[in-house]
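Heads up: the structure comes next, in structure tokens.
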Amino acid sequence: LLAEIDVEAVPVLIRAQSVRPDEPLEAALVEHFNHCIAYLPPTDERGGYYLDATADRNPVGYLRADDQGARVLHVTPDGGELHDIAFAPAEDNLLRRRYTLQLDEHGRGLVRFEDESNGQYGVILRYRYGGEQGDADKVLAGELGRAFGQVDVGRIETSDLEDITTDARLEAEFSALRLWTSEGDLRSLPVTLDDLGLSTLAVELPDTRLYDLVLDRPFGHETLARWELPEGTEAVRLPDDVLVEAPGLLDYHQEVREVEGAIEVRRRFALHARRISRDDYAVFREALREVQVAEQRTILVRPPVGEEGGR
């Protein structure tokens, strides 16, 4: 098809898989490969890049996730050439969300939700909510249920998720019955609403780790939660800022600020490495533990006079 429109391309043999080992490809084995994609050599107008015809929801600039990181064979008219495909950096595989949570005096509330994720997160957004998705509200309610419990989705709007030349975007409004948790006469709010998915990583002690830790791929989270509290609510305890840095491995920043009538939580995370060497394992594990502790913190507020169970 590319040749028909005078675009030069060569077939590329590849093994598509998510958690990827090192691939020396020294022996000629069929099981080194399970898929075929294309490579477009660079021209004067653009650089070279790979295309996967099975990735129908991927923008051209984001190669299918399980193709990334592979050692591949370009099948050229002059013979075979081995090449390595890089992983997309964390900033190109980013969960980017914003929540505006309007609470009443009983902890119920209306939530405005915006998702502008890219990379694999954007691809998932297109698959879940693109096309004729008549049950989009049920899909979203199921996804949000992990953080909010039972929700009632009132509105969903998206960009044209079938158009891979435009950024994926989803906006929604939903109501939730309980957005805070009682702690005596105080109420607690979570600082994070989206799980980083790190709880099962690096559980072994460093002196018992025998091999490198192989992860899926670099990724990031960038979230903002704005808690708009009922009039008369008093902030009792705001967590201190957290900054965790393990150069070349991961970065994490969390800050909580009281603004007029609201509390805002900003949080950024980036996993830069997809393979953690034994030499880096102890540093990575300690940084991961600091992140996990920060993720579990809460904000304490005192509800307004007259709130059920309050002052």
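A few notes on this one:
- Dipole-positive endmost among 252, 60, 168 within the chain (Cβ charges, Cα centre): 252
- Backbone HN-Hα couplings from phi across region 232-242 [Karplus 6.51/-1.76/1.60, Hz, Gly and Pro as x]: x, 6, 10, 6, 9, 8, 10, x, 5, 4, 10
- A Förster radius of 35 Å combined with the Cβ-Cβ distance from residue 4 to residue 160 puts the calculated FRET efficiency at roughly 0.85.
- For region 103-137, GluC sites (Glu not before Pro) are listed when DSSP marks them as loop and at most 11 other Cβ atoms sit within 10 Å of their Cβ; the list is 132.
- The overall shape of region 4-129, judged from the alpha-carbon gyration tensor, is prolate: a/c is not under 1.5, and a/b is greater than b/c.
- Charged-residue dipole, Cβ positions (Lys, Arg, Asp, Glu), the chain about Cα centre, Debye nearest 20: 900 debye
- Net +/- balance of residues flanking residue 52 in space, Cβ distance below 9 Å, scoring K and R +1, D and E -1: 0
- Long-range amide H partners of residue 219 with built H, under 5 Å: 271
- Scoring 208-219, 65-76 by mean Cβ neighbours within 10 Å over their residues and listing the highest first yields 65-76, 208-219.
- Less than 5 angstrom separates the built amide H of residue 16 from those of 34, 35, all sequence-distant by 5 or more or on a different chain.
- Total formal charge among the other residues, if their Cβ is under 11 angstrom from that of residue 209, Lys/Arg +1 and Asp/Glu -1: -3
- Listed residues 293, 151, 244, most fluctuating in the chain (Gaussian network, C-alpha, under 10 Å): 293
- For region 20-26, 3J(HN,Hα) computed residue by residue from phi via the Karplus equation (6.51, -1.76, 1.60; θ = phi - 60°) reads 9, x, 5, 10, x, 6, 6 Hz, glycine and proline entered as x.
- Cα-based Rg and Dmax for the chain, where Dmax is the largest Cα-Cα distance (Å): 23.3, 81
Just so you know, all these numbers are worked out from the coordinates, no wet-lab data involved. Just so we're clear, the structure is a prediction, and the values are computed from it rather than from any experiment. Glycine gets a Cβ as well: all are built from the backbone with ideal geometry, and neighbour counts include every protein chain shown.
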